[in-house]
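In what follows, a structure is listed as structure tokens, so that the remarks can point back to it.
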Amino acid sequence: MKSIQSRLLCMLIIFILLPYFLSVLIIYHYTKENVEKHELAKNKEQLKESSAELQQYFNELIHLPYILYRDAELFQIFNNERKNITYLEKSIQHFYLMREEMKQVRFYLDKGKESITVYNAFVSSSKSQPNLLQQPYINKLYSSNQKEIIEAPHPLENYNNTAIVPQSDHTEVITIHHKITDVFSGDFLGVISMDIQLDEVSRIAGDLIKHKQEKMYILNENNQIIFSNDSQTIGQPVSKQVLKVINRQVESEDIVLSKTLTEPLDDWQLVKITPKEVLFQEVRQTTYPSIIAGIIVGILGFIMVSFITYKITNPIKQLTTKISAITDSYTTIPFNDQRHDEIGYLEKQMKEMMNRINDHIDREYKLELENKENQFQALKSQVNPHFLFNALQSIGTVALKSDAPNVYKLITALSNMMRYSMQANNWVKVRDEIHYIESYLSLQKERFQHPINYQIDISSKLLDMLIPSMILQPLVENYFKHCYEKGFTTAQLHLFGERWESYLYFTVKNTEATMKKEAIDQLRKSIYSSIPPTQMATEHIGLKNIHERLVLNYGEKAGIEIDNWDEQGFIVEIFIPLDEQHIRKGE
């Protein structure tokens, strides 16, 4: 196979490279000094532009909370003159959405000593934080005349310890704390803390870095590293050796360029450290044609371009034209895969790629149709839970007036379940989960009009511990679906909860319905696998959901186990590690 690469390489060496490097050797020493000065001036200008852009960016972020001063109703809430949680939550949410780089926002209201956070556009419930002003940065801001203070980069902190912030989110953020005061009296009202992702800072600073050997630092007034192209040093104090190099206290071959920033980043520094050989390597590697060398290179270049255009690159141009004709819709291009060189190989590969794209478009079109159908069905099935809850309360009132206490009792149980289901994604006490199960069992008793044998045995030490909601009730529901409704009406349901060593342990079992060993093995495989569920796992989707929620909230040490019990029943075991970060006493 004739190689286009080898022919092109020979022509480049003969017609371009030799004359090119000869001209470089002749005139290099005449232009080196001027080019070095140009490179230094260009780097200084880049440093100046990046400094101005960085100051402008932080100026926008720091002054962002001043927009809130226009909202009189919000300041009435800060002054504790009125209680409107809904308006406060909407205001916080709107403020969060104003900048896409905001990872988390906390509003601290000093009047009530409580805070509310927003993460990923979700607003948490308020939490009492009487000691917030004792935190170092907050205390420094509160005790000074400053309106804001910038906290050095740190991993994202779950301010209110809520479930809306995943345990796995350790995004590096820089926090801007803004002091909220009364416009007229100057009284302290609270603090807004904005956790800002470093992506935009990285983009601005990254424009300075052209080579991996270069180093860049943004230092605050305390010589802490706000950002660096070495991510391991972000948030740490700059080393003494680097500080001496920056302050030119030691001799160094490196070229140090620094710029002291001004308001709002007073006494901050933007520093770029470049090895000398890196800064001027383009000078050493670049050619500087003289008039004669330029004419010779121009003539040889014209001959080379003409020859390549008609003898070599024409197939490449044809292939480029064919490739450019491929769009994101169904396409048919007549690729020629009969050639026996690199172009023929590329044509063959492009033809196969086009066929794969066409197949992918067909699949995506079908998936889009199915997705629209699913969205339509989902919209049809949506019902406002608050409306249903209020309607049930109204029906219960009518039942009492009509002297139907049993009906009122059932409706009360159902409304309690509705109320509980509204907080399906929250952390709840074990006590509340048990109450929810008891309401569910009372409804099932009335439904079947037959005694239901069940026993709930939960240690009193567990009742005030917090767990994710809806991890026990689906197991009780499975008892009716796979045991009671299958004819095992005398089977006993037993719900047990206890603390064993370093684990919180729950079991739900029945005393009659079992599964074959092969079916249990297949179900285990589906539950613990990350691939889409099989048909059997779909029937037991609640088990898989419980397991995945436990692993998500507590890590790999948590989960569920399933097995037959005593050869005449079925048991599901839930185990949760007793970690202070996950299991907490309710206050």
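The values are calculated or read from the model by the stated rules, or taken from the named source; none is laboratory data. If you're wondering where the values come from, they're calculated on a predicted model, not measured in any experiment. No Cβ is skipped: glycine too gets one built from the backbone with ideal geometry, and neighbour counts run over all protein chains shown. Only protein heavy atoms, including side chains, enter the accessible area calculation; ligands, DNA and RNA are left aside. Shrake-Rupley method; radii C 1.70, N 1.55, O 1.52, S 1.80 Å.
With every protein chain kept in the model, how would you rank Y217, Y87 by accessible area, 1.4 Å probe, largest at the top? Walk me through the numbers on the way to the answer.
On the way: Y217 20, Y87 65 Å².
Descending order: Y87, Y217.
Here the Karplus relation 6.51 cos²θ - 1.76 cosθ + 1.60, evaluated at θ = phi - 60°, turns the backbone of region 201-209 into coupling constants of 4, 4, 5, 5, 6, x, 5, 7, 8 Hz, with x for every Gly and Pro. All other residues whose Cβ lies under 11 angstrom from that of Y108 are scored, Lys and Arg at +1 and Asp and Glu at -1, for a net of +3.
Show me 243-251, 198-206 ranked by packing, highest mean number of other Cβ atoms within 10 Å first. Please list the in-between numbers first.
Numbers: 243-251: 12.4, 198-206: 16.8.
Order by mean packing, descending: 198-206, 243-251.
Measuring between alpha carbons in the structure, the pairs from K215/K259; K429/K509; K445/K486; K103/K244; K481/K557 lying more than 25 angstrom apart are K103/K244; K481/K557. For region 69-80, 3J(HN,Hα) computed residue by residue from phi via the Karplus equation (6.51, -1.76, 1.60; θ = phi - 60°) reads 5, 7, 8, 5, 5, 5, 6, 5, 5, 4, 7, 6 Hz, glycine and proline entered as x. Please give the FRET efficiency for Q455 paired with R549, using the beta carbon to beta carbon distance and R0 = 25 Å, rounded to the nearest 0.05. So, using R0 = 25 Å, E works out to roughly 0.45. In this structure, the amide hydrogen of T514, modeled 1.01 Å from its nitrogen in the peptide plane, lies closer than 5 angstrom to no residue at least 5 positions away or on a different chain.
Considering only the other residues whose Cβ falls under 15 Å of the Cβ of Y119, what net charge follows from Lys and Arg at +1 and Asp and Glu at -1? Local net charge: -2. Compute the label zone of V183 within region 40-64: residues whose backbone N is under 17 Å from the point 7 Å along Cα-to-Cβ. Correct set: 63-64.
If you sort the three axes of the alpha carbon gyration tensor as a ≥ b ≥ c, you get a/c of 1.5 or more for region 445-487 and a/b above b/c, which makes it prolate. Counting only protein heavy atoms and a 1.4 Å probe, region 195-277 has 54 square angstrom of accessible area per residue.
Using a 1.4 Å probe, how large is the accessible area of Y96, given in Å² and rounded to the nearest 10? Y96 exposes around 20 Å² with every protein chain in place.
If the convex hull of the alpha-carbon atoms of region 77-218 is projected onto planes in all directions, what is the mean projected area in square nanometres?
Values: hull surface 40.5 nm².
The Cα convex hull of region 77-218, projected and averaged over all directions, gives 10.1 nm².
In the distance distribution for region 423-503, Cα-Cα pairs more than 14 Å apart total 65 percent.
When you count, for each residue, the other Cβ atoms within 10 Å and take the mean per peptide, how do 453-464, 112-123, 157-168 rank with the highest first?
Working: 453-464: 13.7, 112-123: 18.5, 157-168: 16.0.
Ranked from most to least packed, the peptides come out as 112-123, 157-168, 453-464.
Carbon-plus-sulfur accessible fraction, region 95-197 (probe radius 1.4 Å, protein heavy atoms only): 48%. For region 46-51, 3J(HN,Hα) computed residue by residue from phi via the Karplus equation (6.51, -1.76, 1.60; θ = phi - 60°) reads 4, 5, 5, 5, 5, 4 Hz, glycine and proline entered as x.
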